[in-house]
Amino acid sequence: MSKAKTSIIWFRRDLRISDHPALLAAIEEADAIVPVFILDKTLIDATGTKRLAYLANSLRALDESLNNSLHVMVGDQVEVLKELMQRYDAKSVHISQEFEPYGVARDARVEAAGINLVRTGSPYAVAPGRVRKPSDGLNYRVYTPFYNAWCVHGWRKPAETPKKINAVKPTESDRNFPTWQLPAGTTITEAGEKAAFKRWEWFQKNGLDNYDEARNMAGIDGTSKLSAHLKWGEIHPRTLLANLGESKAHTVFRKEIAWREFYADVLHNNPHTENEYYAERFAEMRYNKPDEKFEAWKQGRTGYPFVDAAMRQIVAEGWMHNRTRMVVASFLVKDLHLEWQLGADFFKEHLVDFDVASNAHGWQWTAGCGTDASPYYRVFNPIEQGKRFDENGDYIRKYVPELAHLSASEIHEPWLFLDGYSKGYPERIVDHAVERLESLARLEEIKADKPLGPHA
């Protein structure tokens with residue numbers, strides 16, 4: 001059987017050429033490929049400026065890997081793909097399968113229009129829906145048994161990098177590369193496949209072997225910082241997993257990759273939880289309305305140094321240390337008594353590595369309404385968290401210059417020292433000890449064995 005003349009490879013969250021099964025399938029099918037990225041107005045309108053700037057850089061990097069053959073098109077996906085198929089006489093469009101609610105709906109709409117989508121691979125080592133309980137075939141609702149089953153299921157080796165890519169050269173009108181710029185005063189990590197591998201190589205040499213101990217320390221470079229690269233598919237999780245051993249540190253890192261896959265599986269099976277409560281009864285809890293305290297949280301002016309450092313980091317860099325993501329989320333829900341969706345939307349606006357499943361369910365895990373064996377009773381103490389995971393205060397000093405003059409023993413509780421407020425740092429907007437008790441009292445109102453209170 002002779003090869004087709006051309007096939008289309010539609011890039012979405014897979015902006016790379018290595019370990020890319022869909023790209024290999026497109027190359028195998030035809031004499032030449034038509035690589036395309038379609039600028040999706042719906043997603044662009046819902047995407048923060050820092051993430052758009054990152055995407056613009058990533059598309060340029062992908063284009064370079066494809067010898068300047070990437071078609072960057074603007075318009076409705078159906079119309080763009082039909083035009084390209086007609087122009088190049090292509091019979092199929094190759095994609096990496098997506099599982100998030102929007103991606104599933106978009107691809108269904110494209111297929112309903114008569115376009116043949118060929119799905120090969122996904123953004124995950126194990127695609128959502130694959131890991132099931134052997135007892136009843138249902139999906140897992142708790143992480144640890146999921147992780148164990150995920151390991152047993154296993155994953156393929158990384159796919160080969162194509163030796164040659166014969167791509168159709170686009171016309172000038174097909175080269176609609178966006179020019180999104182970073183907001184003034186902000187920085188983001190370098191985008192693209194080469195940057196992803198560079199960071200991975202650095203981390204393997206300098207961070208992986210003590211990851212289990214260093215990953216929670218906010219003031220050091222102890223995490224992989226590959227989340228943005230994974231979000232945009234500049235590196236595949238299979239590539240990371242292939243290089244891991246069985247040491248404690250390597251196992252902990254493998255478990256972090258599994259968390260990403262677990263949340264993707266949970267969202268795939270419960271698509272409504274992108275915005276709604278996984279544990280439905282928590283929708284009945286008494287919550288406060290967002291006010292000036294919510295604004296203080298967003299601005300990093302809560303009066304709790306560890307919280308404020310983290311909130312200023314996300315605004316300045318489009319990234320936040322995972323430990324502090326949990327701390328600021330707990331503060332919003334348990335100290336300010338606000339609904340988790342408010343924080344999730346703020347993260348969506350600012351995070352370069354924003355991932356629908358990880359964001360929604362990371363927030364719900366901390367808020368106590370998600371997949372957690374001991375949900376709501378966990379309340380992060382913002383003072384003790386800072387003392388434990390930023391002992392010397394280096395993280396706080398970097399992002400909260402008003403406290404840079406304080407010593408390690410002073411910086412976590414500036415209100416106790418005469419010089420604590422001398423540089424303009426704000427006073428605490430709430431008393432954590434008081435609000436913790438209030439949070440637990442509100443939980444009692446909705447416990448299953450008690451009727452809902454009059455204010456629920």
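No value in this document is a laboratory result; all are computed from the given coordinates. Given the structure is predicted, the values throughout are model-derived calculations rather than measurements. In this analysis, Cβ positions are derived from the backbone assuming ideal geometry, glycine residues included, and neighbour counts consider all displayed protein chains.
With Cα atoms as the point set, the chain shows a radius of gyration and Dmax of 23.5, 83 Å. Note on THR49 and THR187: the extension gain reaches 48.5 nm, defined as 0.36 nm multiplied by sequence separation minus the Cα-Cα distance.
Ranked for footprinting exposure by Cβ neighbours inside 10 Å, fewest first, PHE389, PHE146, PHE417 give PHE417, PHE389, PHE146.
Projecting label points 7 angstrom from Cα along Cα→Cβ for LYS194 and LYS82 puts them 3.9 nm apart. Look at the alpha carbon pairs under 8 Å that are at least 6 residues apart: their mean separation over the length of the stretch 175-323 gives a relative contact order of 25 percent.
Note on TYR287 and ARG388: the extension gain reaches 33.4 nm, defined as 0.36 nm multiplied by sequence separation minus the Cα-Cα distance. Using the beta-carbon distance between LYS205 and ALA408 and R0 = 35 Å, what value does 1/(1 + (r/R0)^6) give for FRET efficiency, to the nearest 0.05? Efficiency at R0 = 35 Å is approximately 0.75. Arranged from fewest to most other beta-carbon atoms within 10 Å of their beta carbon, HIS272, HIS20 become HIS272, HIS20. Rounded to the nearest 500, the helix-only mean residue ellipticity at 222 nm of the chain stands at -13000 deg cm²/dmol, with each DSSP H run of n ≥ 4 adding -39,500 (n - 2.57). Across the chain, Cα pairs under 8 Å and at least six residues apart give a relative contact order of 17 percent. Placing R0 at 60 angstrom, the Cβ-Cβ distance between GLU246 and SER173 gives a FRET efficiency of 0.70 after rounding to 0.05.
Under the combined filter of DSSP loop state and at most 15 neighbouring Cβ atoms within 10 Å, the stretch 175-220 retains these GluC sites (Glu not before Pro): GLU190.
Each of SER224, SER409, SER18 was scored by other Cβ atoms within 10 Å of its Cβ. Listed from fewest to most, they are SER409, SER18, SER224.
Once the C-beta distance of SER422 and ASN148 is scaled by a Förster radius of 60 Å, the resulting FRET efficiency is 0.70 to the nearest 0.05. Would you mind checking the pairs LYS289/LYS334; LYS50/LYS205; LYS50/LYS298; LYS198/LYS225 and listing those with alpha carbons more than 18 angstrom apart? Check vs 18 Å cut-off fails for LYS50/LYS205. Subtracting the Cα-Cα distance of LYS91 and GLU111 from 0.36 nm times their residue separation leaves 5.9 nm of extension gain.
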